[in-house]
Amino acid sequence: MRIASGEAAAGAGGDAALAAVLSQIQMDESKLAAVGHRLVFGGSRYVVPTRANDEVLHELEALVAVEPLHLRAELDLVYAAGRRFPGVPQILCFDTAFHRRSPAIARRLPLPRDLDPLVERYGFHGLSYEYIASELDADSGRTVVAHLGSGASLCALCDRAPIDTTMGFSALGGLMMGTRPGDLDPGIVLRLLDADGYDAERLADLFYNRSGLLGVSGSTADMRTLVAQAPRDALARAALDLFVYQLVKHLGAMVAVLGGLDTLVFTAGIGERAPAVRAAACDPFAYLGLRLDGAANDRNERIISDGGSSVTVLVIPTDENMMIARHTMRMLVS
């Protein structure tokens, strides 16, 4: 892979990140067959794993403005790997690709058609959802996967195929997150622009870095800390309560889209290790026949629903790296 000089300069910050990764593993670099990368956003064009080249990277540079929180650093790492391992294939795996198989109506936005054609719903955490789908039984039926971490979203699956997801055009929307607000009334943006003198840069900082659990609690975005502090800290309790409320509301929307629920999966940091959040999210769905096994939930077991539950509730650790490795291997042998 040849790297154009301007893009090499832009990617210089990735060298330290690559060095940190390599310091944690032992390998013979002369035997390296390929490097797989996670890229959060591929727009409407990049819907399958793709080998990096100058043309591809130039097009992806134009998308950094859509998802600056992640995509800038991810592309920098691609450039760094290209410099460190010249001639070794770099395989780009896109989080948005999984959701491109969702129905067209789930990707549309209620906006005029003459706007920027890039503006539509994409969804994120696709590599995580793809991995979870690979772990489900073929008869898992109507499934909602809750990827709950510092970034959080839900995905509705039917027979392991994507139907809808809570995130949309960017990784800011949908469910409340660690430092991101999730869905907001557009009027809030207009108000901030008009009354409080916000510009695009200040808005980006507010929405990416100072909202969500951190914004509500005023102290932390860490769910474990919030759970521990909630009994004696009203703001921590407010942040926790709002997160669970929004989780229940969005989960209800996914159930409505599916027309019912057969399987519910919790994954990612909060989803895998926060029994209290899982229990609070499941309680309102008792009307569906969902019943948790409290002891199994507290132990973070794989199956946390009890034997009489109409909905199977699972805790499945996600493995996006495994998904990237699988895609990279397929690219090498295809």
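Have a look at Ser153, Ser128 and point out the one that is among the polar types (S, T, N, Q), assigned by TED's automatic domain parsing to the domain that holds Val265 and without any contact (Cβ under 8 Å) to a residue 60 or more places away in the chain.
Working: Ser128 fails: without any contact (Cβ under 8 Å) to a residue 60 or more places away in the chain.
After applying the criteria, what remains is Ser153.
Residues Arg224, Arg326: which one is part of a helix (DSSP H, G or I), surrounded by fewer than 21 Cβ atoms within 10 Å (Cβ to Cβ), outside the structural domain of Leu127 (by TED's automatic domain parsing) and of a type outside the set (Gly, Ala, Ser)?
Working: Arg224 fails: outside the structural domain of Leu127 (by TED's automatic domain parsing).
Just one listed residue meets the conditions, Arg326.
Against the definition (in contact with a strand residue (DSSP E or B) (Cβ under 9 Å, 6 or more places away or on another chain) and assigned by TED's automatic domain parsing to the domain that holds Leu264), how does Pro181 come out, yes or no? Show your work before the answer.
Details: in contact with a strand residue (DSSP E or B) (Cβ under 9 Å, 6 or more places away or on another chain): no; assigned by TED's automatic domain parsing to the domain that holds Leu264: yes.
The answer is no for Pro181.
This table checks each residue for (1) free of Cβ contacts under 8 Å to residues at least 24 places away in the same chain; (2) out of contact with any Gly (no Cβ under 6 Å at 6 or more places or on another chain); (3) of a type in the set (Val, Ile, Thr); (4) not in a loop (DSSP other than H, G, I, E, B).
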| site | (1), (2), (3), (4) |
| --- | --- |
| Ala138 | yes, yes, no, no |
| Val145 | no, yes, yes, yes |
| Ile163 | no, yes, yes, yes |
| Gly168 | no, yes, no, no |
| Gly174 | no, no, no, no |
| Met177 | no, no, no, no |
| Arg180 | no, no, no, no |
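Go through the range 76-94 and give me each residue that's aliphatic (A, V, I, L, M) and surrounded by fewer than 17 Cβ atoms within 10 Å (Cβ to Cβ).
At the first step, the residues of the range 76-94 found to be aliphatic (A, V, I, L, M) are 77-78, 80-81, 88, 91-92.
Selection gives Val88 alone.
Here is a yes/no grid of residues against (1) closer than 20 Å to Thr166 by Cα; (2) assigned to a helix (DSSP H, G or I); (3) at pLDDT 95 or above:
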| position | (1), (2), (3) |
| --- | --- |
| Val248 | yes, yes, yes |
| Leu251 | yes, yes, yes |
| Leu261 | yes, no, yes |
| Phe266 | yes, no, yes |
| Glu272 | yes, yes, yes |
| Glu301 | no, no, yes |
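Rundown of residues vs (1) within 25 Å of Arg278 (Cα to Cα); (2) in contact (Cβ under 8 Å) with a residue 12 or more places away in the chain; (3) surrounded by fewer than 17 Cβ atoms within 10 Å (Cβ to Cβ), yes/no style:
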{"site": "Ala200", "(1), (2), (3)": "no, no, yes"}
{"site": "Asp205", "(1), (2), (3)": "no, no, yes"}
{"site": "Val216", "(1), (2), (3)": "yes, yes, no"}
{"site": "Pro231", "(1), (2), (3)": "yes, no, yes"}
{"site": "Leu235", "(1), (2), (3)": "yes, yes, yes"}
{"site": "Val244", "(1), (2), (3)": "yes, yes, no"}
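Would you check if Leu192 is in contact with a Phe, Trp or Tyr (Cβ under 6 Å, 6 or more places away or on another chain), of a type in the set (A, V, I, L, M), free of Cβ contacts under 8 Å to residues at least 24 places away in the same chain and outside any loop (DSSP other than H, G, I, E, B)? Step through it out loud before you land on a result.
On the way: in contact with a Phe, Trp or Tyr (Cβ under 6 Å, 6 or more places away or on another chain): yes; of a type in the set (A, V, I, L, M): yes; free of Cβ contacts under 8 Å to residues at least 24 places away in the same chain: yes; outside any loop (DSSP other than H, G, I, E, B): yes.
In short, yes.
Read through the list (1) over 23 Å from the mean Cα position of the chain (by Cα); (2) surrounded by fewer than 20 Cβ atoms within 10 Å (Cβ to Cβ); (3) farther than 29 Å from Gly173 by Cβ; (4) at pLDDT 95 or above, then give the number of the only condition that Met331 fails.
If we test Met331 against (1) over 23 Å from the mean Cα position of the chain (by Cα); (2) surrounded by fewer than 20 Cβ atoms within 10 Å (Cβ to Cβ); (3) farther than 29 Å from Gly173 by Cβ; (4) at pLDDT 95 or above, just (4) comes out false.
The values are calculated or read from the model by the stated rules, or taken from the named source; none is laboratory data. Keep in mind that this is a model prediction, so the values were computed, not measured. Methodologically, a virtual Cβ is constructed for each residue, glycine included, from the backbone with ideal geometry; neighbour enumeration extends over all protein chains shown.
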